[in-house]
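Participant: Encoded as structure tokens, here's the structure I'll be asking about.
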Amino acid sequence: MAWYCTGSTNKELIENLSREGLIKNERVKRAMMEVDRGHYAPSRPYSDSPQPIGHNATISAPHMHGHACEYLINYLRPGSHVLDIGSGSGYLTHVLANLVVGTPSNGGPKGQVIGVDHIQDLVSLAHDNMSRSEGGKKLLDTGSVKFIKADGRRGWPEGAPYDAIHVGAAAEELHPLLVEQLKAPGRMFIPVSAEGTPASVALGGGQYIWVVDKKEDGSIHKEKVFSVSYVPLTDSPK
Ligand code: SAH
């Protein structure tokens, strides 16, 4: 059970998630070990639960970050390009970057993660949080990670196509513009509220993670994988 995974340190939390089988892949485990949630969650950072970060947003629970990475892992290779929509605290953006950036300074492939949020304060917060570690600062300085203010429902065409797209807030549909911005092959991990239920009402139920694959031949395969509870993907506040 997810809440048994709470630890008193980052290492303990990740070890517990791994022991309970919520993280299976060694690369995911290492990438999460290397990012201290204490830099991203203002309270109870090592609890396996979502925590408020202001502006009605939350940093998702660690087991959800784990699931997202596990589903996307085959598309997260050194050199991959990734879009993280609803980047909020910036925590997952950092973990994703650890999985794709590689060692460009040694001539290795240059991966990149773009974090998009529609609230400027959260874009700044993610940047500040990431600057709290040497590793994070380097990702920002080299342009391997960029945080951008935009409506994520339109994706970020300037950086497309992406090997992987992660959506961190519940959408009302499988936005075609996002599917368009996937590489072939590429994969999107997206929470979607059940048909006919506005995301704002579906909070607390009626949402499912969908995994959308664009195959090498450009064909699309969609699969509904498990039920979740995310804050909604909305219009930006006035
Ligand atoms: N992955 C983040 C989740 C943050 S909560 C984390 O774990 O920290 C969801 C985020 O989606 C919020 O930061 C919210 O501001 C953002 N969001 C909601 N609607 C959006 C939209 N239309 N475009 C971009 N970001 C949006």
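Participant: Using only Cα positions of segment 1-130, each an equal point scatterer, no hydration layer, compute I(q)/I(0) via Debye at q = 0.09, 0.11 Å⁻¹ and quote the log10 values to two decimals.
Facilitator: Result of the Debye calculation: -0.24, -0.36.
Participant: For a footprinting-style exposure proxy, rank LEU122, LEU174 by other Cβ within 10 Å, fewest first.
Facilitator: So the ranking, lowest neighbour count to highest, is LEU174, LEU122.
Participant: Two decimals is fine: what is log10 I(q)/I(0) at q = 0.15 Å⁻¹ for segment 122-186, from a Debye sum with one equal scatterer on every Cα and no solvent?
Facilitator: -0.58
Participant: Would you mind telling me the antiparallel percentage of the DSSP bridges in the chain, rounded to 5?
Facilitator: If we restrict to bridges inside the chain, about 50 percent are antiparallel.
Participant: Still on this structure: With the Cα gyration tensor of segment 105-238 giving a ≥ b ≥ c as the square roots of its eigenvalues, does the rule (a/c under 1.5 for rounded; else a/b larger than b/c for prolate; else oblate) give rounded, prolate or oblate?
Facilitator: oblate
Participant: Report the full-extension gain for the segment ASN74 to SER133: residue separation times 0.36 nm, less the Cα-Cα distance, to one decimal in nm.
Facilitator: 18.6 nm
Participant: What is the set of long-range amide H partners of TRP210 at a cut-off below 5 Å, with H atoms built 1.01 Å from backbone N?
Facilitator: Those lying under 5 Å, H to H, from TRP210 are ILE190, VAL192, VAL225.
None of the figures in this text is laboratory data; all of them are computed from the coordinates on show. In this text, all values refer to a predicted model and were calculated from it rather than measured experimentally. Cβ: placed from backbone, ideal geometry, glycine included. Neighbour counts: every protein chain shown.
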